[in-house]
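Working notes, beginning with the structure itself.
Only the coordinates and a few stated rules stand behind these numbers; no lab work does. Quick caveat: nothing in here was measured; it's all calculated off a predicted structure. Note that each Cβ is placed from the backbone with ideal geometry, even for glycine, and that neighbours are counted across all protein chains shown.
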Amino acid sequence: MQTWNIRQSIGDLLAIRDQLGPVYGSEDLCMLLYSLVRREQPLVVVELGTGLGATTAWIASALKEIGAGRIYTFDNGSHFQDASVKAFLSQLTGELQDLARLSQTGSYEACMAWIFNRVDVADRVQFVKSDIDFNARAVEAVAQGQKIDLLFSDFNHAPKTIIQLLGGYLAHMNTTSAIYIDSASTYLPSYWMLDNLVQMLNAKRIPAALRHGLDGDQWTALNELVDRCHFQLVHLVEKTPRSQNSTAWLRIASDDLFPAHATNVRFQ
């Protein structure tokens with residue numbers, strides 16, 4: 001049986017990138033995350049903020065190419081009802097003309113389904129239309145108890161929200177995993193907060209704000225993660241002067257002399 005290849009849907013994916021990506025500044029990030037998923041092969045990907053589905057479609061394409069994994073993506077679709085978004089979608093052209101028509105009469109769920117079916121990745125996507133909260137147990141149930149390998153937050157980058165996000169999800173992250181928080185690196189309060197937070201975690205100290213509301217099992221899991229892992233913060237910043245021009249990348253890896261999953265370590 002022939003393996004699915006991105007070449008089968010590349011025209012539609014590029015149309016999605018070029019026409020839908022710029023709305024939320026994800027036209028370059030979606031391709032970066034596609035490459036990282038292809039390389040690291042996460043099994044459980046969680047996206048908070050589906051938006052117009054550009055990043056979802058590219059991540060799901062990577063998962064389909066490697067033949068494993070699933071992306072669980074959450075959004076209440078409130079932005080879809082905005083008159084300016086409706087007007088923008090009505091102007092879509094080329095491969096997305098049918099989506100332009102559907103967006104004027106169809107639901108948010110129908111439009112997301114159209115996109116994922118169009119690029120043939122619906123079997124790798126679980127879209128949940130709901131408010132975004134920080135109850136990671138809901139995601140854990142959807143993912144059948146598996147740890148999260150990649151978490152992408154693309155809806156709010158304020159320090160308070162990031163603390164709530166990490167407090168809810170860190171205990172459910174795998175010991176080799178990554179968290180991406182869009183726009184946080186060029187918002188100074190969030191930049192400072194993340195920098196201080198990572199220093200504390202690497203000193204094996206858990207801020208009280210992260211412990212708030214955790215039950216016994218979650219507290220134990222968070223303690224074990226912090227005890228066993230090293231945290232690295234990387235700021236991915238564009239030169240483009242716009243509001244959505246950065247992503248904070250929090251890399252989590254087991255404490256070791258060598259990188260996680262290193263199978264061919266050279267000594268000379």
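Based on DSSP loop calls and a cut-off of at most 13 other Cβ atoms within 10 Å, the longest stretch of the chain free of exposed trypsin sites (Lys or Arg not before Pro) is what?
Counting at most 13 other Cβ atoms within 10 Å as exposed, the longest clean stretch of the chain is 1-203.
How high is the relative contact order of the chain, in percent, counting Cα pairs under 8 Å that sit 6 or more residues apart?
Across the chain, relative contact order equals 16 percent.
Just to verify a number: FRET efficiency for residue 3 and residue 255, C-beta to C-beta distance, R0 = 30 Å, to 0.05?
It comes to 0.25.
What Kirkwood hydrodynamic radius, in Å, does segment 1-153 give when the mean of 1/r is taken over all pairs of distinct Cα atoms and then inverted?
In segment 1-153 this quantity evaluates to 15.6 Å.
Using modelled amide H (1.01 Å from N, peptide plane; none on Pro or chain starts), what sits under 5 Å from the amide H of residue 76, excluding residues fewer than 5 places away?
When sequence neighbours closer than 5 places are left aside, the close amide H contacts are 130, 132.
In whole Å, largest first, what are the principal axis extents of the Cα atoms in segment 6-254?
Extents along the principal axes, in whole Å: 53, 38, 30.
Along the Cα-to-Cβ line of residue 131, 7 Å from the Cα, sits a label point; which residues in segment 67-108 have backbone N less than 19 Å from it?
73-82
Quick one: if you stick a label point 7 Å off each Cα along the C-beta vector at residue 83 and residue 40, how many nm between them?
The modelled label-to-label distance comes out at 4.2 nm.
For segment 136-236, what is the convex hull (Cα atoms) projected area averaged across all directions, in square nanometres?
Details: hull surface 24.1 nm².
If I average the Cα hull's projected area over directions, I get 6.0 nm².
Around residue 41, what is the net charge, scoring Lys/Arg as +1 and Asp/Glu as -1 over all other residues with Cβ under 11 Å from its Cβ?
With Lys, Arg at +1 and Asp, Glu at -1, the neighbours total -1.
Please list, in order along segment 121-128, the HN-Hα scalar couplings obtained from phi with the Karplus expression 6.51 cos²θ - 1.76 cosθ + 1.60 (θ = phi - 60°), rounded to whole Hz, x for Gly and Pro.
10, 4, 6, 10, 10, 10, 8, 10
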